[in-house]
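Working notes, structure below.
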Amino acid sequence: MIKVGVLELQGNFSMHHKILQNIGIKSVAVKKSSQLIGIDGLVIPGGESTTMSLLIQTFNMYESLVDFGQSHPVLGTCAGLILMSKTTDDKRIKPLGLVDIHIQRNAYGRQIESRTEKIKFNFSNQYQLVLPATIIRAPIIKEMNRNLKVIGIYDNRPVAILSGHHLCLSFHPELNGINIFHRVLFDKECKVYYKNINEHYVA
Amino acid sequence: MSKGTFDVKVGLAEMLKGGVIMDVTNSDQAKIAEDAGACAVMALERIPSDIRRDGGISRMSDPEMINGIQNAVTIPVMAKCRIGHFAEAQVLETLEIDFIDESEVLTPADEHNHIWKHNFKVPFVCGCRDLGEALRRISEGAAMIRTKGEAGSGNIVEAVRHMRTVMNGIKRITQLDEEELVAESKSIGAPLSLIQQVSKLGKLPVPNFAAGGIATPADASLMMQLGAESVFVGSGIFKSDDPKARAKAVVEATTHFEDPKIIAKASTGLKKAMKGLDMSEIPQEERLQERGW
């Protein structure tokens, strides 16, 4: 059985544990670099990216998260997406540089602009789903490498991007109890498992 | 598109878990809090210990001061309105505050009614001392619950009492039969539908945070181990002798609340914590937790 870690420095980690357990994946907390050993993938949850970036550095996790991410599947939602990016508009954040995108934080505005929206997701030509997507003080992907696979678009911006073994989302599937994105990355039996749908994937 | 739904409100509360929300009275303090790793700040004119000292009527903060703090930081900004004062809440919503605290720290505006929070698009947090009070606030639309504790006391004893009382209330109703839940609903004064939900979930349907008297990294750890999902620190940071270091230490302790070695390290070399008050020094009629029902 595969084991997936959830980064528990700050944020909405508990709901990711619930989603992973619901799809039969063992989930464990990651608060220290040593806890990255023996896990098969990682979820970086939503929360405050300034807080999470600071704690990554305070607890000396930066290098080990980059190393882990280069060789393992990583799913990031909202603040997790910000941390996985190459660059952001906020110089206080030290992103892990896993995905070739540039991020603008809090791009939709304050909480009053947070919303749930129906979005069509294009996992493959044969597999598309319309799902509710909840964005909470969300970032936008301002620029991206054109070779990355865009799975979902909202308001003319990509909101779900697959880059090799990295999946980043600007919304929160865990808040709506949606597990397909976790399955894409961590469930080999899923018919849209990332290795099957990523044209540019090199094993 | 749906904005301001209950799920979207609770969504922000979920994002604030595992973190520290700090009281700040100006933009410099807000920046210190953010740089120390706070996941949100609470903008207010006077921190609770000063409200307690100065007396008088305590009201919603000046919008100019709130705007200053909103412009100084990128983390969510919360602000307080008086219990029952829905006009103050309307002003805070217009200012696009991220979370409104309908708070016993301010002087209550209505002795009988709390705000009907479902009317707002902005989420609310409310204090409680027991499960019945928590569920009454949730039924009115609160998207986050916190213990009341005793604000501005620097004394953790009341927050512990309130968190234990809420958690015991939850444990109790998970053991009750369906017919007993009806009687429980009557006895604790909370809607049956929420009692049934808590009985099934084994937890509150919204995030459950701790507040009121947290002053040290170990206090934060204690509240998290008792079941809090985040902590509010009011007077504890900026009434101490070393706000920057203490703020950072409380953040680290909240993340690693179950690791005493990290709490020990975070607690090392901090200057004096706020002085604090024994509960016997606070007359019953001056206890902020008695406000609201």
Return a yes/no flag: does region B:176-184 have any residue that is within 27 Å of B:GLU104 (Cα to Cα) and assigned to a helix (DSSP H, G or I).
-> yes
Does A:ASP67 fit the bill of being out of contact with any Asp or Glu (no Cβ under 9 Å at 6 or more places or on another chain) and closer than 21 Å to B:ALA38 by Cβ?
-> no
Test A:LYS195 against the criterion of being closer than 21 Å to A:ILE19 by Cβ, of a type in the set (D, E, K, R) and assigned to a loop (DSSP other than H, G, I, E, B), and give yes or no.
-> no
For region B:229-249, does any single residue satisfy the condition of being outside any helix (DSSP H, G or I), touching a Gly at 6+ places or on another chain (Cβ under 6 Å) and crowded, with 21+ Cβ neighbours inside 10 Å?
-> yes
Complete set of residues in region B:54-103 that are without any contact (Cβ under 8 Å) to a residue 12 or more places away in the chain and closer than 27 Å to B:PRO243 by Cα = B:ASP54, B:GLY55, B:GLY56, B:GLU64
Say whether the condition of being polar (S, T, N, Q) and either within 14 Å of the chain's Cα centre (by Cα) or outside any loop (DSSP other than H, G, I, E, B) (or both) is met by at least one residue in region A:137-157.
-> no
So, of the residues in region A:109-122 that are open to solvent by less than 40 Å² (accessible area, probe 1.4 Å) and either part of a strand (DSSP E or B) or of a type outside the set (S, T, N, Q) (or both), which turns out to be farthest from the other protein chains (Cβ to nearest Cβ)?
-> A:PHE121
Matching residues in region B:224-272 (away from chain A (no Cβ under 14 Å) and acidic (Asp, Glu)) number 2
Which listed residue, of A:ILE82, A:ILE103, is assigned to a strand (DSSP E or B), within 14 Å of another protein chain (Cβ to nearest Cβ) and more than 14 Å from A:VAL4 (Cα to Cα) = A:ILE103
Determine, yes or no, whether B:ALA142 is small (Gly, Ala, Ser) and not in a loop (DSSP other than H, G, I, E, B).
-> no
Scanning region A:158-192 residue by residue, those of a type in the set (Asp, Glu) and either open to solvent by 50 Å² or more (accessible area, probe 1.4 Å) or not in a helix (DSSP H, G or I) (or both) turn out to be A:ASP187, A:GLU189
Out of the residues in region A:87-100 that are within 18 Å of A:ILE161 (Cβ to Cβ) and within 12 Å of chain B (Cβ to nearest Cβ), which is most open to solvent (accessible area, probe 1.4 Å)?
-> A:ASP89
If you go through B:GLY127, B:GLY189, B:GLY132, B:GLY154, the only one that is on the phi > 0 side of the Ramachandran plot and at pLDDT 95 or above is B:GLY189
Inside region B:1-90, counting only helices (runs of 4 or more DSSP H) that do not spill past its ends, which hold 2 or more residues that are within 14 Å of chain A (Cβ to nearest Cβ) and open to solvent by 40 Å² or more (accessible area, probe 1.4 Å)?
-> B:6-15, B:27-36, B:63-72
Scanning region B:208-231 for residues that are among the small types (Gly, Ala, Ser) and closer than 17 Å to B:ALA13 by Cα gives B:ALA210, B:ALA211, B:GLY227, B:ALA228, B:SER230
Answer from A:LEU20, A:LEU42 - the residue that is away from chain B (no Cβ under 14 Å), within 12 Å of A:PHE186 (Cα to Cα), touching a residue at least 24 places away in the same chain (Cβ under 8 Å) and in a helix (DSSP H, G or I) | A:LEU20
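The values are calculated or read from the model by the stated rules, or taken from the named source; none is laboratory data. This structure is a prediction, so every number in the text was calculated from the model and none was measured. Note that each Cβ is placed from the backbone with ideal geometry, even for glycine, and that neighbours are counted across all protein chains shown. For the accessible areas, the whole protein counts, side chains as well, though only heavy atoms, and no ligand, DNA or RNA atoms are used. Shrake-Rupley method; radii C 1.70, N 1.55, O 1.52, S 1.80 Å.
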